[in-house]
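A.B. asks: Have a look at the structure that comes next, please.
The values are calculated or read from the model by the stated rules, or taken from the named source; none is laboratory data. None of the values given here were measured: they were computed from a predicted structure. Counting neighbours? That spans all protein chains shown, and the Cβs are built from the backbone with ideal geometry, glycine included. The area values use the complete protein model at the heavy-atom level, side chains included, leaving out ligands, DNA and RNA. Shrake-Rupley method; radii C 1.70, N 1.55, O 1.52, S 1.80 Å.
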Amino acid sequence: HKSGGIERIGKIVEVEAYLGEHDLAAHSSKGLTERTKTMFGPPGFAYVYLIYGVHHCMNVVTERAGHASAVLLRAVEPVKNLTGRTQGPGLLCRAMDIDRRLNAHDLLSDDFFIAEPEVAEKLSIVKRPRIGVDYAKHWANRRLRFYIKDNAFVSRR
């Protein structure tokens, strides 16, 4: 992300998937609203929202228009120009200077995007239940949180 002339780069190390309107933990389970309209697609856009009136969170919309699925970025490993902690969605957004101004931003743009690493790594991915979704009935135990095994920047083990 390039903000204020500073290019901020982080390696995504932890995410959570939210699988559409039937997923009781997803914002889209409440239907199409002003807040969730970005999540309803098309894919490839940032869905950024404020939680608890304090922290921004960023998701990547992943499915075709109308399907309302997204992946929450939970943690990044600092690569370039990141200060402060990056473990947890709110801290990640603060360090990357991501806020609601970037909601509905095209992630194929030149100033805010997700790219493949220059060098492919062999990674071991851990699958766990998502964090903070106990209210979501049978969806609370679904293993939809993914992180790089043994990475020091994962938010919680």
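A.B. asks: Could you please give the count of residues in segment 50-76 that are surrounded by 18 or more Cβ atoms within 10 Å (Cβ to Cβ) and either of a type in the set (S, T, N, Q) or touching a residue at least 24 places away in the same chain (Cβ under 8 Å) (or both)?
C.D. replies: Residues flagged as surrounded by 18 or more Cβ atoms within 10 Å (Cβ to Cβ) and either of a type in the set (S, T, N, Q) or touching a residue at least 24 places away in the same chain (Cβ under 8 Å) (or both) within segment 50-76 amount to 16.
A.B. asks: Does segment 111-141 hold any residues that are of a type in the set (D, E, K, R), free of Cβ contacts under 8 Å to residues at least 24 places away in the same chain and over 18 Å from Val61 (Cα atoms), and which are they?
C.D. replies: Glu118, Glu121, Lys122, Lys127, Arg128, Asp134
A.B. asks: Please return the ranges of strands (runs of 3 or more DSSP E) entirely within segment 54-157 where 1 or more residues are under 13 Å from the mean Cα position of the chain (by Cα) and modelled with pLDDT of 95 or more.
C.D. replies: Once the strands (runs of 3 or more DSSP E) in segment 54-157 are filtered for at least 1 residues that are under 13 Å from the mean Cα position of the chain (by Cα) and modelled with pLDDT of 95 or more, what remains is 55-61, 69-80, 145-148.
A.B. asks: Test Asn81 against the criterion of being in contact (Cβ under 8 Å) with a residue 24 or more places away in the chain, open to solvent by 60 Å² or more (accessible area, probe 1.4 Å) and of a type in the set (S, T, N, Q), and give yes or no.
C.D. replies: On the way: in contact (Cβ under 8 Å) with a residue 24 or more places away in the chain: yes; open to solvent by 60 Å² or more (accessible area, probe 1.4 Å): yes; of a type in the set (S, T, N, Q): yes.
Yes.
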